[in-house]
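Below: the structure, in structure tokens.
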Amino acid sequence: MTTGKLYIISAPSGAGKTSLVKQLIADTDKLVVSISHTTRASRNAEQNGVDYFFVTVEVFQDMIAHQAFLEHAQVYDNFYGTARQTVEDYLVQGLDVILEIDWQGARQVRQMWPECVSIFILPPSIAVLRQRLQNRGQDNVEIIDRRMQAAVAEMSHYPEFDYLLVNDDFNTALQQLKCIISANRLLQTRQQQELLALLQDLVN
Ligand SMILES: Nc1nc2c(ncn2[C@@H]2O[C@H](COP(=O)(O)OP(=O)(O)O)[C@@H](O)[C@H]2O)c(=O)[nH]1
Ligand SMILES: Nc1ncnc2c1ncn2[C@@H]1O[C@H](COP(=O)(O)OP(=O)(O)O)[C@@H](O)[C@H]1O
């Protein structure tokens, strides 16, 4: 049985990664998103176990001590991490897994899983980014300012990623994400066929 592939999607807060990923997994077979653990407070519309696992700093630190995270990082003023077991279970089942994580987590995952595919999403402009954070209506002005301050530093890491896309028109960006997944799936199938042919040659 073949194992799934790991995809990393990073973007500054408000660029649209969560909306894009939600639609992408709804439209794509055998693709799931890993639900992260975080110490940040949940927003109004968020549900525990659906958007994040919301945990205390103590629980988070205990998970670090027990090596329960594939990667973890402090982002803005909170901790975020990806549970190792869940991701490994998905991959073993042959499912492709999306990690919606920041550039620090992306670096950690790339070191352990060099064959992962990483995608960075940019907003069309800084002004549009602020507008989207305001329109989302989930964060107060201090939190939005804090995220805007961090956005430029976050975006400076885009050259570390395999793919870069701009989320201007939502459907165009969604289509581009789907193309990246399809292209990588085709490549994987071809590599497996070549490997099989090689093995048959060796046996004959
Ligand atoms: N390293 C790491 N970063 C994460 C994880 N989950 C979320 N993040 C990042 O944390 C940042 C803040 O996420 P969040 O508080 O949900 O704000 P949002 O991006 O505005 O929706 C984003 O850059 C996320 O990609 C994780 O498990 N690990
Ligand atoms: N292409 C787009 N055009 C206009 N608004 C968008 C687009 N993509 C996302 N949004 C909106 O921008 C806001 C931030 O999107 P979200 O997915 O929460 O971003 P992120 O997860 O990167 O913080 C949401 O209100 C979302 O509906």
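The values are calculated or read from the model by the stated rules, or taken from the named source; none is laboratory data. What you see is a predicted model; the values in this text were computed from it and never measured. Cβ coordinates were reconstructed from backbone atoms using ideal geometry, including for glycine residues, and neighbour counts include every protein chain displayed. Protein only, heavy atoms only, side chains kept; ligands, DNA and RNA dropped before computing areas. Shrake-Rupley method; radii C 1.70, N 1.55, O 1.52, S 1.80 Å.
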Whole-percent pair-distance distribution, where bins are 5 Å wide, for the alpha carbons of the chain: 1, 7, 14, 18, 20, 17, 10, 6, 3, 2, 1, 1, 0, 0
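Run through the DSSP bridge list for the chain and note the antiparallel percent, rounded to the nearest 5. Write out the running numbers ahead of the final one.
Working: 8 of 26 bridges.
Here the share of antiparallel DSSP bridges comes out near 30 percent.
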For the chain, averaging the sequence separation of alpha carbon pairs under 8 Å that lie six or more residues apart and dividing by its residue count, the contact order in percent is 30 percent
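Out of every Cα pair in region 121-200, what percent are spaced more than 17 Å from each other? Working shown, then result.
Details: 1964 of 3160 pairs.
Counting every Cα pair in region 121-200, those more than 17 Å apart make up 62 percent.
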Using per-residue counts of other Cβ atoms within 10 Å, averaged over each peptide, order 36-42, 23-29 from highest down. 36-42, 23-29
Considering only protein heavy atoms and a probe of 1.4 Å, how much of the accessible area of the chain is carbon and sulfur, as a whole percent? 53 percent
Percent RCO, i.e. relative contact order, over region 23-131, from Cα pairs under 8 Å lying at least 6 residues apart: 26 percent
With +1 assigned to the C-beta of every Lys and Arg and -1 to the C-beta of every Asp and Glu, and no other charges, what is the dipole magnitude of region 48-187 about the Cα centre in debye, to the nearest 20? 320 debye
Under a point spin-label approximation (7 Å from Cα along Cα-to-Cβ), what is the Gln192-Ala127 distance to one decimal in nm? 4.8 nm
Average the reciprocal distances over every distinct pair of alpha-carbons in region 1-49, invert the result, and give the Kirkwood radius in Å. 13.1 Å
Expressed per residue, the solvent accessible area of region 24-78 in Å² (1.4 Å probe) is about 57 Å²
Using mean Cβ contacts within 10 Å as the protection proxy, how do 145-153, 93-101, 161-169 order, highest first? 93-101, 161-169, 145-153
How tilted is helix 126-136 with respect to the longest principal axis of the chain? Cα atoms for both, answer in degrees (0 to 90, nearest 10). 80 degrees
With viscosity set to 0.890 mPa s and temperature to 25 °C, compute the Stokes-Einstein D of region 1-84, Rh being the Kirkwood radius across alpha carbon pairs; µm²/s, no decimals. 172 µm²/s
